[in-house]
Amino acid sequence: MSPKLIKLVVISDIICPWCYIGQKELLAAVEEMSSVPDVCPVEFDIEFRPFRLLTSLKDGEPPVDKMTWYTQRFGKEKLENIEKMVGARAEKVGVKISWGGLLSQSTAAHRLMLKAWKKGGQRLQQPLLTLLFKAFLEDEKDIGDKEVLAECAEEADVMSKDEAIKFLQSDECRAEVNAMIADSRAKGITGVPFTIIDGKWAVSGGQTSDVYVQIFKKLASMEIPTPTGTPGPSK
């Protein structure tokens, strides 16, 4: 039996902890589907598309202290609750979220992600995404820093560090990234992660891998899935 191809478009932002958790959950579900008995074999084409949650910081503006920004945005008490909730979910997928470091606009990282997709599709984009998430959300690195981004690009084999620096100093992919983000907002997407399945169904929020597996099983069986959104996406 020929494998069934499932196309996934995942709209998310590098600065979003729920998006990192969601990526881990989604990839765990994809891995689980490789060994599920009695269903049509499936293959996945996963494309990351950009979103900007941080609307108050312009491209090129100096970064701000992450904890200061979060505290001003949410208040100390609410932030503590967010840290506990996010931390508990992150721990389940093997991630330790750090709330320190600097916060920059994510446009440059999104441009690099789009370049990776153009050069090698999922093969290059997914490893780069994982490195960018880890750099910002675990290692407290500034993803507005060209050196940080270039190092991630080189480690993911997207391009050499020098090539990445040259790319980031240009405006390549900037207009396309801005257009993608505008298109998502025009379609009513206000929070991420937001996953579109085969261009027909949408899953919003920080879903667990079990939810994805149920949907993928239904698709593999040629049934129409009925995904349910849950609370949790960043806005």
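A compact table of results
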| read-out | value |
| --- | --- |
| Any pair with Cβ under 9 angstrom, 6 or more apart, that starts in the range 27-46 at a residue that is farther than 15 Å from Lys218 by Cα and ends at one that is in a strand (DSSP E or B) and of a type outside the set (A, V, I, L, M, F, W, C) | Asp45/Lys7; Ile46/Lys7 |
| Selection status of Arg73, modelled with pLDDT under 95 and not in a loop (DSSP other than H, G, I, E, B) | yes |
| Arg89 farther than 20 Å from Ile181 by Cα, modelled with pLDDT of 95 or more and either under 14 Å from the mean Cα position of the chain (by Cα) or part of a helix (DSSP H, G or I) (or both) | yes |
| Any pair with Cβ under 6 angstrom, 6 or more apart, that starts in the range 173-197 at a residue that is in contact (Cβ under 8 Å) with a residue 40 or more places away in the chain and on the phi > 0 side of the Ramachandran plot and ends at one that is β-branched (Val, Ile, Thr) and outside any helix (DSSP H, G or I) | none |
| Residue among Ala29, Ala108 that is small (Gly, Ala, Ser) and touching a Phe, Trp or Tyr at 6+ places or on another chain (Cβ under 8 Å) | Ala29 |
| Unmet criterion (only one of (1) out of contact with any Phe, Trp or Tyr (no Cβ under 9 Å at 6 or more places or on another chain); (2) surrounded by 15 or more Cβ atoms within 10 Å (Cβ to Cβ)) for Val93 | (1) |
| Meets criteria (farther than 17 Å from Met180 by Cβ and either touching a Pro at 6+ places or on another chain (Cβ under 9 Å) or free of Cβ contacts under 8 Å to residues at least 60 places away in the same chain (or both)) for Pro17 | no |
| Residues of the range 199-234 satisfying the condition of being out of contact with any helix residue (DSSP H, G or I) (no Cβ under 7 Å at 6 or more places or on another chain), farther than 11 Å from Glu25 by Cβ and either buried (at least 19 other Cβ atoms within 10 Å of the Cβ) or at pLDDT 80 or above (or both) | Gly199, Lys200, Trp201, Ala202, Ser204, Gln214, Ile215, Lys217, Lys218, Leu219, Ala220, Ser221 |
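The values are calculated or read from the model by the stated rules, or taken from the named source; none is laboratory data. It should be emphasised that the depicted structure is a prediction, and the values quoted were computed from it without experimental measurement. Note that we place each Cβ from the backbone using ideal geometry, even for glycine, and neighbour counts take in every protein chain shown.
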